[in-house]
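Read the structure below first, then the notes.
What follows draws every value from the coordinates through simple rules; no lab data is involved. Remember, it's a predicted structure, so these values are computed and weren't measured experimentally. Note that we place each Cβ from the backbone using ideal geometry, even for glycine, and neighbour counts take in every protein chain shown.
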Amino acid sequence: MKKLTAILIGAGDRGFRAYAPYAIHNPHEFDIIAVAEPNEERRKAFAEAHNISPERCYPSWEAAMAEQRLADIAMICTQDRMHYHPTLKALELGYHVMLEKPMSPNPKECAHMEMAATKYGRLLTICHVLRYTAFWSSIKKVINEGKIGQIVSIQLNENVGNLHMSHSFVRGNWNNSDESSPMILAKSCHDMDILSYVMDEPCLRVSSFGSLMHFNERNAPEGAPLRCLDGCPAAENCQYYAPRYYLGEGMGWARKFTEDTSREGILEALQTTPYGKCVYRSDNNVVDHQVVNMEFASGATAMFSMCGFTHDNTRIVQIMGTKGDIRGNMEEDSFILNEFLTKEKTEFHVSAPSGGHGGGDAGIVRKFLKEVCEFEGDAIQASASAAASVRGHLMAFAAEESRMNNGMSIDIEAYYKRLVTPE
């Protein structure tokens, strides 16, 4: 495989810590030769880690793409609402693009990105990292071997974990759909994609219910101030009391909102950032629980449940087929195959590589590099690259539209046609 080059647009947590380390560990496969990041401290730190020259460090994606194409690949890891324009420009310049999920909180923009990838004949791969984990690829292998026959129904639970919920979706970057994305897209487009991957057939229609039930002002403790450090009377009894969490078991999460992770630095950040706010007095508006029902082309069904009130942070799945079923827990890296005829029960304990998402972060980079090396400039190949991700996103968008319309059933194909038909 030839050595490739890349530019990174957005040196935040996902770009810097999830995908870029692959270049450090595998310098024979690719180099990151340029970075665009508005935060000067992050930009300098990233440049130092990857030996990037000062003239290839840019304060914005516009500056990085003002010149001709600098590399083979553009890795775009900006915030959700900042994906669309750099992606279109990168494709136009001839970059193959690896784009952090979700593609965009705007469904029309997702469809336009897919069409741009086809137009310019470039690969557009979305970071649906679950496909590249040992857990899901092992389950897929068992299904492809026919062990459970034809899939009839799937139940997939995403246990967000109560403290992860409070960090990312109540206080954090994805707490408000007006500024980022709906919860079903920001957190669970992974799950829509993995259901598409497992089923390997089109989803025809969806319906959904959910709400912001708990994290709102009416559930605030009496006398609770705007910030936890402002003398909250419920500090001892509140599971979301920010100083206790971020100075204790959640100290590792503090690096997501402060570069100074000393105790003093964390306390200062809790006084000035949203992460120190009371979870009941934040500006969040995304749901804290949601269910989605899906029907696929074969008649098979799936039920997905996302909930922010669980002690663990994992995905639990049950896949029911005509000849057997599979039950698994992603955090435990294990699943059980039950075969109906023989009554045999087989336990699978997968070996998950170290790294984010059970090795999925590194796995998708590895797969993307291979696809770029094997790419032959085929527009059909380019189209297929983006289409799979768009379909998973459409399931999430349709689910949110259904939720906002009292669980109305949404036809996926009709929904897609509305997006691509000129107004």
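Which three numbers, in whole Å and largest first, are the semi-axes of the equivalent ellipsoid of the stretch 200-248 derived from its Cα gyration tensor as √(5λ)? Spell out each step's value before the answer.
On the way: eigenvalues 273, 48, 11 Å².
Semi-axes, largest first: 37, 15, 7 Å.
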query: the stretch 38-99: which trypsin sites (Lys or Arg not before Pro) are DSSP loop and have at most 15 other beta-carbon atoms within 10 angstrom?
result: 69
message: If you average the C-alpha positions of the stretch 99-131 and of the stretch 1-32 separately, how far apart do those two centres end up, in angstrom?
response: 19
task: Rank-order 198-207, 183-192 by packing density, defined as the average count of other C-beta atoms within 10 Å over each peptide's residues, highest first.
output: 183-192, 198-207
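Nearest-5 percent of antiparallel DSSP beta bridges in the chain? Spell out each step's value before the answer.
Details: 42 of 68 bridges.
Within the chain, antiparallel bridges account for around 60 percent of the total.
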message: At 0.36 nm per residue, and after removing the present C-alpha to C-alpha distance, how many nm does the segment from residue 334 to residue 92 gain when stretched out fully?
response: 82.8 nm
- prompt: Straight-line reach from residue 345: which lysines have a Cα under 22 Å away, not including same-chain ones fewer than 8 places off?
  reply: 140, 141, 147, 323
Estimated inter-spin distance, residue 222 and residue 237, nm [label 7 Å along Cα→Cβ]: 1.0
- prompt: What nm distance separates the two modelled labels at residue 140 and residue 387, each placed 7 Å from Cα along Cα→Cβ?
  reply: 1.7
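Shape call for the stretch 104-171 from the C-alpha gyration tensor, a ≥ b ≥ c root eigenvalues: rounded (a/c under 1.5), prolate (a/b greater than b/c) or oblate?
On the way: a/c = 2.32, a/b = 1.13, b/c = 2.05.
It comes out oblate by the Cα gyration axes.
With the Cα gyration tensor of the stretch 217-276 giving a ≥ b ≥ c as the square roots of its eigenvalues, does the rule (a/c under 1.5 for rounded; else a/b larger than b/c for prolate; else oblate) give rounded, prolate or oblate?
Prolate, since a/c reaches 1.5 and a/b exceeds b/c.
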message: Using alpha carbons only, how many angstrom separate the centre of the stretch 261-284 from the centre of the stretch 193-245?
response: 16
- request: Using label points projected 7 Å from each Cα along Cα→Cβ, tell me how many nm separate residue 45 and residue 214, to one decimal.
  value: 3.1
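If exposed means no more than 14 neighbouring beta carbons inside 10 Å and the site is in a DSSP loop, what's the longest run of the chain without any exposed chymotrypsin sites (Phe, Trp or Tyr not before Pro)? Intermediate values should be presented prior to the final figure.
Values: sites that count: 309, 340.
In the chain, the maximal stretch lacking such sites is 1-308.
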statement: Note on the chain: contact order normalised by length, alpha-carbon pairs under 8 Å, 6 or more apart, percent, works out to 22
message: Using the Karplus curve 6.51 cos²θ - 1.76 cosθ + 1.60 with θ = phi - 60°, what ³J(HN,Hα) values do you get for each residue of the stretch 12-22, in whole Hz, with x for Gly and Pro?
response: x, 4, 6, x, 6, 9, 9, 9, 4, x, 4
Per DSSP, loop GluC sites (Glu not before Pro) in the stretch 212-281 with at most 13 further Cβ within 10 Å: 222, 236, 249, 259
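Please report the net charge: other residues with Cβ closer than 14 Å to the Cβ of residue 246, K and R +1, D and E -1. Don't jump to the answer; show the numbers that get you there.
Numbers: positive: 171, 227, 244, 255, 256, 263, 277; negative: 249, 260, 264, 268.
Residues near residue 246 contribute +3 overall.
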message: If each residue of separation counts as 0.36 nm, what is the full-extension length gain between residue 247 and residue 201 once their alpha-carbon separation is subtracted?
response: 11.9 nm
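What length, rounded to one decimal in nm, is gained on full extension from residue 373 through to residue 26, with 0.36 nm per residue of separation minus their alpha-carbon distance?
The residue 373-residue 26 span can extend by a further 123.4 nm.
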- request: Calculate one ³J(HN,Hα) per residue across the stretch 314-324 by plugging θ = phi - 60° into the Karplus curve 6.51 cos²θ - 1.76 cosθ + 1.60, and present them in order as whole Hz with x for glycine and proline.
  value: 7, 10, 10, 10, 10, 10, 10, x, 6, 10, x
message: Apply the Karplus curve 6.51 cos²θ - 1.76 cosθ + 1.60, θ = phi - 60°, to the phi angles in the stretch 392-408 and return the couplings in whole Hz, x for Gly and Pro.
response: x, 4, 4, 4, 5, 4, 5, 4, 5, 5, 4, 4, 6, 10, 6, x, 4
query: What shape does the chain have by the C-alpha gyration tensor, where a ≥ b ≥ c are the square roots of the eigenvalues, rounded means a/c under 1.5, and otherwise prolate means a/b greater than b/c and oblate the rest?
result: rounded
field: Local net charge near residue 207, Cβ-Cβ under 14 Å (Lys/Arg +1, Asp/Glu -1)
entry: -2
- prompt: What is the stretch 249-392's relative contact order, in percent, from Cα pairs under 8 angstrom and six or more apart in sequence?
  reply: 8
